[in-house]
Amino acid sequence: METLLQQRKTLKAKKPTFMRQDAHKKVKLKNNWRRPKGSDSKMRVSRHGYRRSVRIGWGSPSEVKGLASSGLRPVMVENVSQLSSLDPKKDCVVLVSSVGTKKRIMVIEAALKKGLTFMNIKDPAKCVDDLKKAFQDKKQKSDSKRKERTEKKEKVKKEAEKAKKKEEEKASVKKDASDEKDAPLTEEEKKLEEKKEKDKVLIQRQ
């Protein structure tokens, strides 16, 4: 197996990059391979000094085709149940990028217990610690925001109640004043009112 992997590595180091004809000249053409079909194409007839065309002989040995550089078969995983069928001696894990934080932590911890290696995570143990810390920080932040919102609501509620109480007090004062105004006058008050009226009349005559 190691000999075949080394053979594949040597072969891939020598393998040329097969590009589409004129992809290096024209921006509209992508680098992905397309067979040249033009009647005057020098690349089609493999003329010296032109880019190489795809030929048989650059492929990996069939026994190691599709395997990782470690010789393990990469398997895409997105939940814990998919780990049960994997063998640590034959398979390695490729954790799907769309997996959320909680499930990601669960999958990594389960894989580490089983002795599986990851292709797309350098240090799984450190990754778990970082994810847990980030998750905890996020939770604390959301809790503090929720607390702030609750306090703000309580403050607004108290202010509204205070304003309502003030309005009620004003209304009660006005009502008391109007009641006093509408109340029947005493004898002394009547005499004072009559005197005021007489004084007004005398002033007007003068």
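Some notes on this structure:
- Filter result (in a helix (DSSP H, G or I) and either touching a Gly at 6+ places or on another chain (Cβ under 7 Å) or surrounded by 14 or more Cβ atoms within 10 Å (Cβ to Cβ) (or both)) within segment 56-79: Val64
- Only one entry in Lys25, Lys14 is within 43 Å of the chain's Cα centre (by Cα), exposed (fewer than 14 other Cβ atoms within 10 Å of the Cβ) and over 30 Å from Cys92 (Cα atoms), namely Lys25.
- Here Leu11 fulfils each of the conditions (1) within 24 Å of Asp129 (Cβ to Cβ); (2) not in a loop (DSSP other than H, G, I, E, B) apart from (1).
- Residues that are touching a Cys at 6+ places or on another chain (Cβ under 9 Å), at pLDDT 90 or above and not aliphatic (A, V, I, L, M), drawn from segment 68-123: Arg73, Pro74, Arg104, Thr117, Phe118
- Close pairs from segment 12-28: first more than 16 Å from Ser60 (Cβ to Cβ), partner of a type in the set (A, V, I, L, M) and surrounded by 14 or more Cβ atoms within 10 Å (Cβ to Cβ), Cβ under 7 Å, at least 6 apart: Arg20/Leu29; Gln21/Met43; Asp22/Leu29; Ala23/Leu29
- Any chance Leu72 is touching a strand residue (DSSP E or B) at 6+ places or on another chain (Cβ under 7 Å) and in contact (Cβ under 8 Å) with a residue 40 or more places away in the chain: yes
- Here Pro124 meets the list (1) of a type outside the set (A, V, I, L, M); (2) surrounded by fewer than 17 Cβ atoms within 10 Å (Cβ to Cβ); (3) more than 16 Å from the chain's Cα centre (by Cα) almost entirely, failing just condition (2).
- Residue match in segment 88-104 (condition: over 45 Å from the mean Cα position of the chain (by Cα) and either closer than 30 Å to Lys132 by Cβ or loosely packed, with under 12 Cβ neighbours inside 10 Å (or both)): no
- Scanning segment 1-11 for residues that are surrounded by 11 or more Cβ atoms within 10 Å (Cβ to Cβ) and farther than 28 Å from Arg35 by Cβ gives Leu4, Leu5, Gln6.
- Positions within segment 28-55 being under 42 Å from the mean Cα position of the chain (by Cα), of a type in the set (D, E, K, R) and surrounded by 10 or more Cβ atoms within 10 Å (Cβ to Cβ), in sequence order: Lys30, Arg34
The values are calculated or read from the model by the stated rules, or taken from the named source; none is laboratory data. The model shown is predicted, which means the values in this text are computed figures rather than measured ones. Methodologically, a virtual Cβ is constructed for each residue, glycine included, from the backbone with ideal geometry; neighbour enumeration extends over all protein chains shown.
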